[in-house]
Amino acid sequence: MEAKICNACGHPFTPRPQNPNQTYCTDPECQRERRRRWQQQKRREDADYRDNDVRTSKT
């Protein structure tokens, strides 16, 4: 399988065969960044997600 460049750290990696569209390497910091970016996008685009996020943060 062809090596790709990680969207977080910029280092080359080989995607897992089960996920050929993988764009982040398996480094824990890169996975944390992947989740952070996903959450930011979800908050911008999904009003229900944003409302639930606000409600759970008020505790």
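The values are calculated or read from the model by the stated rules, or taken from the named source; none is laboratory data. Just so we're clear, the structure is a prediction, and the values are computed from it rather than from any experiment. Positions of Cβ are backbone-derived with ideal geometry, glycine not excepted, and every protein chain shown enters the neighbour counts.
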Every residue from segment 45-59 that is assigned to a loop (DSSP other than H, G, I, E, B) and surrounded by 11 or more Cβ atoms within 10 Å (Cβ to Cβ): ASP46
How many residues does segment 14-34 contain that are in contact (Cβ under 8 Å) with a residue 12 or more places away in the chain and under 16 Å from the mean Cα position of the chain (by Cα)? 12
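Restricting segment 20-44 to residues that are part of a loop (DSSP other than H, G, I, E, B) and modelled with pLDDT of 95 or more, which is surrounded by the most Cβ atoms within 10 Å (Cβ to Cβ)?
Per the criteria, the residue is CYS25.
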